[in-house]
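Engineer: First the structure, then my questions, so here it is.
Nothing in this text is a laboratory measurement; each read-out follows from the coordinates by a stated rule. Remember, it's a predicted structure, so these values are computed and weren't measured experimentally. Backbone-built Cβ (ideal geometry, glycine too); neighbour counts: all protein chains shown.
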Number of protein chains: 2
Amino acid sequence: MIKPVTGADATRQALIDAALQLFGERGYDAVSTRELAERASANIGSIAYHFGGKPGLRLACAEHVATRLQAQAAPAIDFASVPISPAAAVALMEAGMERFGRFVVSSREASIYAAFIIREVMQPGEIVDHLYERLIGTVHQRLCHLFGTATGRGAETQEVRAAVFSLLGQMLYFRIAQPIVLRRMDWPEVGPAQADFLVSIFKTNLKGLIAAYRKDDV
Amino acid sequence: MIKPVTGADATRQALIDAALQLFGERGYDAVSTRELAERASANIGSIAYHFGGKPGLRLACAEHVATRLQAQAAPAIDFASVPISPAAAVALMEAGMERFGRFVVSSREASIYAAFIIREVMQPGEIVDHLYERLIGTVHQRLCHLFGTATGRGAETQEVRAAVFSLLGQMLYFRIAQPIVLRRMDWPEVGPAQADFLVSIFKTNLKGLIAAYRKDDV
DNA sequence: GTCTATAAACAGATAGAC
DNA sequence: GTCTATCTGTTTATAGAC
């Protein structure tokens with residue numbers, strides 16, 4: 001099965017790329033099918049043909065995001081199901097922050113995905129159900145295993161679950177609120193130097209959180 | 001100057017209340033003026049009369065949010081300009097987390113404001129400029145003073161600025177992503193018990209962050 | 001100030017030519 | 001598969017009655 005770089009599949013992918021960007025930037029309802037087709041260099045009818053309509057394109061975007069982010073996060077969390085030592089758990093999380101955190105704050109791809117996801121999360125519906133089951137739930141669960149091991153707590157305690165949300169939430173915030181962050185930090189953009197700095201902040205925060213939740217410390 | 005509870009001012013306020021809720025829930029572009037007027041028990045023409053049009057109502061919403069949140073945050077940060085001891089700074093921040101954090105995660109008002117703000121932040125324009133100058137910038141600056149004092153660092157260092165964003169970001173995240181949090185935590189809602197728990201999480205995170213950034217520790 | 005009628009532009013969906 | 005023309009409903013803005 002060879003995928004052609006042009007033709008139907010190319011049009012389909014161009015529509016998803018255009019939709020992810022525009023839905024993320026301005027929200028699903030604010031984007032017209034005409035603008036989507038124009039951005040994708042396709043025609044209006046192609047949306048109905050490939051996805052059945054605008055809602056179908058929205059769901060296809062969610063599937064694309066889930067697949068791509070799952071792949072991005074996999075190296076950092078795939079070892080999360082096997083038993084490991086607390087020190088190894090800490091090392092895995094730091095490596096994950098280094099890799100995934102940098103991706104989140106500096107890549108254009110993550111910018112688009114984060115905006116799409118947060119807009120769906122704010123407007124619960126079938127799309128967010130899909131994202132939770134295919135992406136958010138499993139990633140969070142595996143991170144809980146790592147954080148629970150690192151702190152000597154049960155992976156599925158309420159404290160660990162909430163702490164992992166704190167970790168994920170701050171990363172998402174630095175991505176979503178980047179215009180505000182740039183302004184306050186006096187940065188023109190998030191280039192390599194700024195990404196390095198933010199990754200170091202994430203690591204410091206991670207260390208602080210692990211220390212604060214470590215079982216024998218509380 | 002006595003404000004009438006009915007008449008022009010009441011209509012104006014009803015429109016702002018309805019707009020804040022609907023803009024936050026579905027986004028500015030997704031809400032029609034007809035629905036706004038209906039929710040506010042007003043007529044469509046009143047939006048043009050009181051605000052000049054839909055964009056004017058949007059700006060009025062931002063002003064209302066900035067004023068209300070500024071008032072909510074004031075008790076926690078108003079002492080932030082006077083010199084205080086590190087221990088006093090820590091105590092002020094913990095008290096602020098207790099008060100403001102509980103307001104953020106459990107009040108309906110904060111839910112509406114947070115959704116409105118995050119949508120504007122994601123779509124930079126004149127509204128977010130207004131919010132930054134009237135609310136975000138000053139609150140962040142004062143929190144930097146507290147956090148800088150608590151950690152023995154300069155209030156305007158990059159590390160302190162970023163750490164304060166981490167603190168604010170996690171609170172905003174728990175509010176914005178509440179549907180996801182409820183699902184993962186197995187909560188039916190954020191009632192008093194859940195709010196207590198989340199506040200305790202915020203406090204633990206604050207302690208962890210302060211410890212991680214304390215000057216003599218790094 | 002409040003409310004209604006209407007205008008001009010826009011939306012998504014679809015039938016059908018190629 | 002691609003593209004266009006068109007249908008039906010909805011959008012914001014506005015003019016004017018009360």
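Engineer: Measuring from the lowest to the highest alpha carbon on each principal axis, how far does the stretch A:62-217 reach, largest first, in angstroms?
Structural biologist: Extents along the principal axes: 42, 38, 24 Å.
Engineer: Where the label is 7 Å out from Cα toward Cβ, how close does B:A193 come to the same position in every other copy, in nm, shortest first?
Structural biologist: Its label point is 5.2 nm from the equivalent points in the other copies.
Engineer: Of the residues B:A18, B:A73, B:A48, which exhibits the maximal mean-square fluctuation in a Gaussian network model of chain B defined by a 10 Å Cα contact cut-off?
Structural biologist: Highest fluctuation of the listed residues: B:A48.
Engineer: Distances in nm, one decimal, shortest first, from B:G154 to the same residue in every other copy, taking the label point 7 angstrom along Cα→Cβ.
Structural biologist: 4.8
Engineer: Using a simple charge model, +1 on the beta-carbon of Lys and Arg, -1 on the beta-carbon of Asp and Glu, nothing else, what dipole does chain B show about its Cα centre, in debye to the nearest 20?
Structural biologist: Dipole size: approximately 140 debye.
Engineer: In debye, nearest 20: dipole of the protein assembly as shown around its Cα centre with unit charges on the Cβ of K, R (+) and D, E (-)?
Structural biologist: 80 debye
Engineer: To the nearest whole number, what is the average tally of beta carbon atoms from other chains within 10 Å of the beta carbons of peptide A:118-125?
Structural biologist: Partner-chain Cβ atoms within 10 Å, mean over residues of A:118-125: 5.
Engineer: Given the options B:A62, B:A40, B:A91, identify the residue whose Cα lies farthest towards the positive end of the charge dipole of the stretch B:29-96 (+1 on Cβ of Lys, Arg; -1 on Cβ of Asp, Glu).
Structural biologist: B:A40
Engineer: Against the longest principal axis of chain A, how steep is helix A:158-176, in degrees 0 to 90 to the nearest 10, with axes from Cα atoms?
Structural biologist: 50 degrees
Engineer: Continuing with this model, one more query. Taking R0 as 22 Å, what FRET efficiency do you get between A:A95 and A:A71 from their Cβ-Cβ distance, rounded to the nearest 0.05?
Structural biologist: So, using R0 = 22 Å, E works out to roughly 0.85.
Engineer: Give me the number: length gained by fully extending A:V82 to A:A211, i.e. 0.36 nm times residue separation minus the C-alpha to C-alpha distance, one decimal in nm.
Structural biologist: Residue separation times 0.36 nm, minus the Cα-Cα distance, leaves 44.2 nm.
Engineer: Size of the dipole of the stretch B:17-121 about the Cα centre, Lys and Arg at +1 and Asp and Glu at -1 on the beta carbon, nothing else charged, in debye to 20?
Structural biologist: 180 debye
Engineer: May I pose another question? As I understand it, the dipole of chain A uses +1 on the Cβ of Lys and Arg and -1 on the Cβ of Asp and Glu, about the Cα centre. Which of A:A10, A:L135, A:G169 lies farthest toward its positive end?
Structural biologist: Checking the options against the dipole of chain A, the answer is A:G169.
Engineer: Okay, moving on. How far apart are the B:G45 label points across copies, placing each 7 Å from Cα toward Cβ, in nm, shortest first?
Structural biologist: Inter-copy label distances (nm, one decimal, shortest first): 4.5.
Engineer: Also, quick follow-up: Taking only Cα atoms, what is the 0 to 90° angle, nearest 10, from helix A:8-26's long axis to the longest principal axis of chain A?
Structural biologist: The angle comes out at about 60 degrees.
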